[in-house]
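The values are calculated or read from the model by the stated rules, or taken from the named source; none is laboratory data. Values in this document were obtained by computation on a predicted structure and should not be read as measured data. Cβ placement follows ideal geometry from the backbone for every residue including glycine, while neighbour counts extend to all protein chains displayed. Side chains included, ligands, DNA and RNA excluded: accessible areas come from the protein's heavy atoms. Shrake-Rupley method; radii C 1.70, N 1.55, O 1.52, S 1.80 Å.
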Amino acid sequence: MTDQEGRNNEGPTSRLLRNEKSDSCFRVNHYPPCPDHWEVAASGRNLIGFGEHTDPQIISVLQSNNTSGLEICLKNGSWVTIPPDQSSFFIIVGDSLQVLTNGRFKSVKHRVLADHTKSRVSMIFFGGPPLDESITPIPSLMEEGEESHYKEFTWFEYKKSAYKSRLADYRLGLFEKTPAQ
Ligand SMILES: O=C(O)CCC(=O)C(=O)O
Ligand SMILES: [Fe+2]
């Protein structure tokens, strides 16, 4: 991207996402209605449509129909419903953006609960960097003397490790210099 004077003013994150080799993808999820949900709710359990996880990429841009279900997990472990809004995009910080910002932005744990009468459809653009790109904190964000909290790794290495893990695992833990307690 260039400004009016023709200077290249593309930021580091945009460079990774706009790169022609960027490993981005688009997914459509459909959660059919689950009529048994009442029984499950009565038993105090949740009916999971998509189990808890963080998105490994840089950023996820989500839009859904008017059926709720998406929840995010707060620091204290409680789950909060994200009201569906067909006219807005919901932006999720992914694991890679957490590393690029050296932990300033947190990759949020989220999940989807199934509804008992209505089906939910969501579509998500997952912005990922090129496979051979190193995922390290952006130098201009770092304070003087600040060190990366993460070991150096490429997006290919992270993706490979993520595929070997379970959905709910805290996948960044393997790449932290001091593993989270
Ligand atoms: O369907 C949704 O609302 C979220 C799905 C999701 O988290 C994902 O596909 O990674
Ligand atoms: Fe997700």
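With all protein chains in place and a 1.4 Å probe, the accessible surface of the chain carries 54 percent carbon and sulfur. Here the convex hull built on the C-alpha positions of the chain has a volume of 146 cubic angstrom per residue. The loop-placed GluC sites (Glu not before Pro) in the range 107-181, going by DSSP, that have at most 16 neighbouring Cβ atoms within 10 Å of their Cβ come out as E143, E144, E146, E147, E152. Along Cα→Cβ, 7 Å out, is where each label goes; now give me the distance between the ones at I48 and R27 in nm to one decimal. So the label points at I48 and R27 sit 1.4 nm apart. Grab the other residues whose beta carbon is less than 15 angstrom from that of S107, score K and R as +1, D and E as -1, and report the net. Here the count lands on +2. Accessible area per residue for the chain, computed on protein heavy atoms with a 1.4 Å probe, is 60 Å². Kirkwood analysis of the range 112-181, using all unique Cα-Cα pairs, places the hydrodynamic radius at 15.2 Å. 3J(HN,Hα) along the range 137-154, derived from phi through the Karplus expression 6.51 cos²θ - 1.76 cosθ + 1.60 where θ = phi - 60°, amounts to x, 5, x, 5, 8, 7, 6, 4, x, 5, 9, 5, 7, 10, 6, 7, 8, 9 Hz, with x in place of Gly and Pro. Remark: the range 93-100, residue by residue, has Karplus-estimated 3J(HN,Hα) of 6, x, 3, 5, 6, 4, 6, 4 Hz, where x stands for each Gly or Pro and the curve is 6.51 cos²θ - 1.76 cosθ + 1.60 at θ = phi - 60°.
Taking amide H as placed 1.01 Å from N in the peptide plane, I59 has its amide H under 5 Å from the amide H of G94, G127, each at least 5 places away in sequence or on another chain. Here the Karplus curve 6.51 cos²θ - 1.76 cosθ + 1.60, taken at θ = phi - 60°, turns the phi angles of the range 61-66 into couplings of 10, 10, 9, 10, 6, 8 Hz, with x standing for Gly and Pro. Take the chain, connect every pair of alpha-carbon atoms lying under 10 Å apart with a spring to form a Gaussian network, then pick out the residue of R45, R171, R27 with the largest mean-square fluctuation. Looking only at R45, R171, R27, the largest GNM fluctuation is found for R45. Candidate cross-link partners of K151 among the lysines, defined by an alpha-carbon separation under 18 Å and a same-chain spacing of 8 or more, comprise K106, K159, K160, K177. Taking a sphere under 15 Å around the Cβ of R171 and counting the other residues whose Cβ falls inside, with K and R at +1 and D and E at -1, yields a net charge of +1.
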